[in-house]
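A quick write-up on the structure given underneath.
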Amino acid sequence: MPLTEEERIRRIRLDKLREAGVDPYPASSHRTHTGEQFFSAYEQIEKSGEQVVVTGRIRTIRKHGGLTFVHLEDGSGRLQLVLKRDHLGENVYTFFHDTMDIGDFVEVAGKPFTTQKGERSLAVDIYQVLSKALLPMPEKWHGLSDVETRYRRRYLDLLANESVRHIFHVRAVILTTIRTYLNEHGFLEVETPVLQTVPGGANAKPFETHHDALDIDMYLRIAPELYLKRLLVGGYERVYEVARCFRNEGIDHMHNPEFTQVEGYAAYLNYEKLMDFLEGMMQEIIRAAGLNPATVPYKGYTLNFSSPWPRLTFRDAILQYTHIDIRAYPDRESIAKVAMKLGVPVETSASYGTILDQIYKHTVRPVIIQPTYIYDYPAAISPLAKRKVSDPGVIEMFQMVYGGGEENIKAFSELNDPLDQEARFREQDAAREQGDEEAQFGDYEYVEAMKHGMPPNAGFGIGIDRLTALLTDSPNLKEVILFPTMRPL
């Protein structure tokens, strides 16, 4: 591909550096202060008159006769550099303009001073290139306004848009706060396999691969759940994992094939107590992100995460919004007819539980705005949750719904009856054989672990991508994933 005029000029400047015996890509620098250190001690350094060495990327160059003003940027902010021809000498001053470009990384030594306008600045005594940029910065690259390009070349998006860098700062704060909150409440952070022989723990189609040395098919995990709960059998009472998971499903504004979630399990905790626990954690996360839990802006709404959140059973939610009592339709054939009357698509391979879930997703979820716990789901929807003692047809499961159809926080009192678990896995296997690709795989090694005794417990999963989108008011998950999955060009 032929070089653009700007690229050609930058190559010429690179050659001038090399002709002058200057290494345009040295191995290290001699800086004495990071930008953060420099700014925090600026008044003291200025008063002392000491020379400092700082580093960063050139963001602007403005020449005014024998003066040149440069903005140098690092992760802490921007610093103005002042290069004076009379101070540096004609050759050094001219060499800067002959060889340096916006986007180059440089090291500069000089003494700080404050301009008449109050701008913190550095009078440059000496400079050295640290890395020569051969392509222009985003400001000269159509402003980086094209959404597709922003996602594909995220490094340029980060350079051009400070608001994007803020999103990923918030994401880091969210993860740190979750870890701190869980650690302070007695949870132990662990790691479980990403490559699994049985992809269990969720209703999703997995990615398949093959291990050559063992000559076995394996799967990228869709959830860490079944391994985390094995640890409860092993004697740990509270565990969690920040887990990268993979699901071979469609891509849209709220789904990406690989995503990050936090899953945790606590022995001797039921789902009602877990609701309160997670409300408190959410409020802590929101405050850490710099927001007020009572006034979280999202998609044009103002969401109130103050306690208590509204709570509505799955059955009552459908009854409220469709005037249909799902208890009157206890089998697949009858509920399928109801779904079709409501305009909900029904695939021939869809199980009874899948149809119920689709009715809910089409009629209830889109109309819930304020954070709400939907709880007591039909047992057919999840094979891993504990049945409600007072009503065995439902499970002690809940989800947080908000913002007109978004979901996060999926949790339940975990099933610890190995015989019930084995029977439910058999039902899921039958659904998969009939073509339901999202039915769960039966993990009978997990059932064997349960037979050694699993304490009563409750577990939860929180999607970090969706939580970041919520707390940064981002309309698309691609905005909060540094490198989202994209079709190759």
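Values for this structure:
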| quantity | calculated |
| --- | --- |
| Which listed residue is surrounded by 20 or more Cβ atoms within 10 Å (Cβ to Cβ) and acidic (Asp, Glu), from Asp325, Asp316, Asp331, Asp357 | Asp357 |
| Selection status of Ala339, of a type in the set (A, V, I, L, M, F, W, C), without any contact (Cβ under 8 Å) to a residue 40 or more places away in the chain and assigned to a loop (DSSP other than H, G, I, E, B) | no |
| Selection from the stretch 93-130 of residues that are of a type in the set (A, V, I, L, M) and out of contact with any Leu (no Cβ under 7 Å at 6 or more places or on another chain) | Met100, Ile102, Ala109, Ala123, Ile126, Leu130 |
| Neighbours by Cβ (under 7 Å, 6+ apart or cross-chain): first from the stretch 290-302, touching a residue at least 24 places away in the same chain (Cβ under 8 Å); second among the aromatic types (Phe, Trp, Tyr) | Val296/Phe305 |
| Any hit, the stretch 125-132, residues being farther than 26 Å from Arg18 by Cα and either among the acidic types (Asp, Glu) or touching a residue at least 60 places away in the same chain (Cβ under 8 Å) (or both) | no |
| Test result for Gln80, under 16 Å from Leu17 (Cβ atoms), part of a strand (DSSP E or B) and modelled with pLDDT of 95 or more | no |
| Breaking point among (1) buried (at least 19 other Cβ atoms within 10 Å of the Cβ); (2) not assigned by TED's automatic domain parsing to the domain that holds Met400, for Phe441 | (2) |
| Selection from the stretch 149-176 of residues that are of a type outside the set (Lys, Arg) and not in a helix (DSSP H, G or I) | Asn161 |
| Condition met for Ile9 (β-branched (Val, Ile, Thr), within 33 Å of the chain's Cα centre (by Cα) and closer than 20 Å to Phe96 by Cα) | no |
| Candidates Val394, Val480 - the one that is of a type in the set (Val, Ile, Thr), surrounded by 20 or more Cβ atoms within 10 Å (Cβ to Cβ) and farther than 27 Å from Glu272 by Cβ | Val480 |
| Residue within the stretch 116-132 that is out of contact with any Ser or Thr (no Cβ under 8 Å at 6 or more places or on another chain) and among the hydroxyl-bearing types (Ser, Thr, Tyr) present | yes |
| Qualifying strands (runs of 3 or more DSSP E) (wholly inside the stretch 222-331; at least 1 residues being over 20 Å from the mean Cα position of the chain (by Cα), on the phi < 0 side of the Ramachandran plot and hydrophobic (A, V, I, L, M, F, W, C)) | 238-246, 258-267, 301-303, 311-313 |
| Members of the stretch 373-391 found to be among the hydroxyl-bearing types (Ser, Thr, Tyr) and either surrounded by 19 or more Cβ atoms within 10 Å (Cβ to Cβ) or outside the structural domain of Leu303 (by TED's automatic domain parsing) (or both), listed by number | Tyr373, Tyr375, Tyr377, Ser382 |
| Output for the stretch 307-329, where each listed residue is out of contact with any Ser or Thr (no Cβ under 7 Å at 6 or more places or on another chain) and farther than 21 Å from Asp391 by Cβ | Ser307, Pro308, His323 |
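The values are calculated or read from the model by the stated rules, or taken from the named source; none is laboratory data. Predicted model, so just to flag it, every value in this text is computed and none were measured. Every residue, glycine among them, receives a Cβ derived from its backbone with ideal geometry; neighbour counts consider all protein chains shown.
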